[in-house]
Every structure is written in structure tokens, then in C-alpha cells.
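Below you'll find the structure, written out as C-alpha cells, and then a few comments.
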Amino acid sequence: MGLLPPLAADQWAGTDLRRLVDFARTIEDLGFDSLWANDSLVRARIEALTFLAAAAAVTERITLGTAALQPALRRPVQTAQVLASIDRLAHGRLIVAVGAGFPGLSEVEYAASEVPWPRRFARLDDTVALWRRLWAGGESVSFHGKVLHLDDIPGSTTPFTRTGPPVWLAADTPRARARAGALYDGWLPYPPTPEGFSSGLAEVRAAAEGARRPADLTPALFVTVLVTDAADGGRAVLDEFTTQTYGFPLEVVEQIQAFAAGPPDVVAAALRRYVDAGARHLVCRIGVLGPNAFLDQLKQLRQVKEALT
């Protein structure tokens, strides 16, 4: 079970950002398994890879990951070097979950990054393939994919391990599930029901088998959690969270994303249903705004983790 700390910049106004580093240590000390950072240009936030580099320096055990990184917002060769550097700093503890953005929200991010929106999925797959080629080492690398065409790339920083950090696909459409199984090391969706997760995972595994790939692909779940005894089950707090985060109310977002809210035993039971459906790593975003509310939730979520183990 892993956690995403709040990285939105406006939530840290007037607060020492170095508390984020303290959060990384606290999450490890409380026994959680992983620490994640999300990525966007739509809303100002602490940059994901910068945060993970800082977290690598103050943690020793927990996995560090992106949930999810949008590679199109960065130059692919430089990003390969940054990710390999973080993986070295973390002694091989990095996981890179990637996505291609959301229609209606991410077009402006692509425009700001001078990257065309069309063919974004092919660009994403090419970028990951290029990273893997660069991570394998060599004095000079050439790469010719469907979108990316590069020759004579100088030798780059290699990661901590020979194979490099695992790369997961954070997407959940029929085509994405096929690509996850055929090309990626893990799958990170957020379906609103365990049944949807189970059926999607079957498609991913079928695609992996069809591509004759190893069967050890990691099935993960991105889920928003809230521990609360409120009579409404936390819906008012979650509605504020989704409205501030996406510009949409909870009743809209919960139709496409996974949520688990209520007392610790209720949250644990909801997560357990996804585990029973096949999820093997839970990436939990806490549905509150700001560092103080996040810290209050940490101790209660420890009870949830203990109930799951």
C-alpha cells in the first residue's frame, strides 16, 4: 500500500515545502510500502521528479514511483537520464507509471510543451521503448519508432539495475489494456468497481500471453481514499476534493474512478475487494486538500494498512 502526498502548490502557500521531505520519511516510518508523485501542467504543483529525487535521499526502503508521469511534457532523452539518475539515488527503488493525458484537460499541457496531441499513444510507447534502449547502455544509440526518430544519441546515464526501473501503463481502455499487456511491466488503472478491475486484468493478461511476454506483470490500482466517521461517509469532503482537483463534482468523478471512504474497517474492506480481484499494489491518493489534513489522515490509514496485511 502506497501513498501520494499533496503536491499542488496552492495548498502549500505560506508553508515550508521542506515538510514534503518530512512526509516521505514519515510514510516510510509508518510502514507503508511506497511513495508516489503525480504530474500535471494544468494545475501548478511541485514537480514530480524533483520531489522523488529529494525523497530518494531521505528514504531507504520504500518504493518511489510516478502515478502517473506524462512523458510528452518532457524531452525523452533527458527524461531517460533523469529517471536513471533517480533510480541510482534510490538504489533501484523506482517505478515509472506513465500516461498520455486526458481528453478535455491535457491538450493545453501538450501545447505548452510544444508536442502535438494526435498520435499521443504511439508517442508514449515510443518514448518508453527509447528509454529502455538508452538504459541498456552503449556509446551511441539510434532509435526509429512510429513517432520518434533519433540517430547517434550519446551514451546516457544507466539505472541502478541492468533492466532499469519497471514501467507501468496508467490507462484503462480496451486498446490501453492490450498495450499494457504487450509492452509494459505493470498496469495502473482506477476502475470504479472491483469487477471492472478483474475483467480488465483478464484482458491485460491475455494480451501479455498473446505477445509471449513474462507473466509477472504487476497489477496495481490507483484509488482515492478517505478515513472518516462523518455521517455522509465523507462525501462532502470528497466532493470538495474532486471539484478542486478536476473541476467536477464527486458524483461525476466516482463514475470513472475508484474511491474508498469511511471508518478504517470500511476502507480496508473496500480495498480488500480490489485485492481479491487481483490488485497487487495499491496506490492511494488521500482525498483531502493541504498538508495538515494529509498528515491527520496518515495515522488513520496505518490502521487500514494493518487490516490489509
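The values are calculated or read from the model by the stated rules, or taken from the named source; none is laboratory data. Keep in mind the model is a prediction, meaning the values are calculated, not measured. Methodologically, a virtual Cβ is constructed for each residue, glycine included, from the backbone with ideal geometry; neighbour enumeration extends over all protein chains shown. With ligands, DNA and RNA removed, areas are computed over all heavy atoms of the protein, side chains included. Shrake-Rupley method; radii C 1.70, N 1.55, O 1.52, S 1.80 Å.
Observations, loosely collected:
- Of all DSSP beta bridges in the chain, antiparallel share, percent nearest 5: 15 percent
- Order of exposure, largest accessible area first, which applies to D152, D185, D10 with probe 1.4 Å: D152, D10, D185
- Radius, Kirkwood style, for the chain when every pair of distinct Cα atoms is counted (Å): 19.9 Å
- With both labels modelled 7 Å from their Cα along Cα-to-Cβ, the E139 to A206 distance reads 4.9 nm.
- Centre-to-centre separation between the Cα atoms of the stretch 95-131 and those of the stretch 192-260: 21 Å.
- Listed values for the stretch 268-285 are Karplus-derived 3J(HN,Hα) couplings in whole Hz (6.51 cos²θ - 1.76 cosθ + 1.60, θ = phi - 60°), namely 4, 5, 5, 5, 4, 5, 6, 4, 5, 7, x, 5, 10, 8, 9, 9, 9, 9, and x replaces Gly and Pro.
- Extended-chain gain in nm, criterion 0.36 nm per residue less alpha-carbon gap, R119 and Q78: 12.7 nm
- With N the number of residues in the stretch 1-156, Rg(Cα) / (2.2 N^0.38 Å) evaluates to 1.09.
- When the chain is treated as a Gaussian network with alpha carbon springs shorter than 10 Å, the biggest mean-square fluctuation among G247, G287, G233 belongs to G247.
- The stretch 19-107: proportion of alpha-carbon pairs further apart than 20 angstrom, %: 33 percent
- Using R0 = 25 Å, the C-beta based FRET efficiency linking I256 and V21 works out to 0.15.
- Karplus-based coupling profile of the stretch 38-55, in residue order and whole Hz: 9, 9, 6, 10, 5, 10, 4, 8, 5, 4, 4, 6, 4, 5, 5, 4, 5, 5, with θ = phi - 60° in 6.51 cos²θ - 1.76 cosθ + 1.60 and x standing for Gly or Pro.
- Computed from the C-beta positions of R162 and D276 and an R0 of 41 Å, the FRET efficiency is 0.75 to the nearest 0.05.
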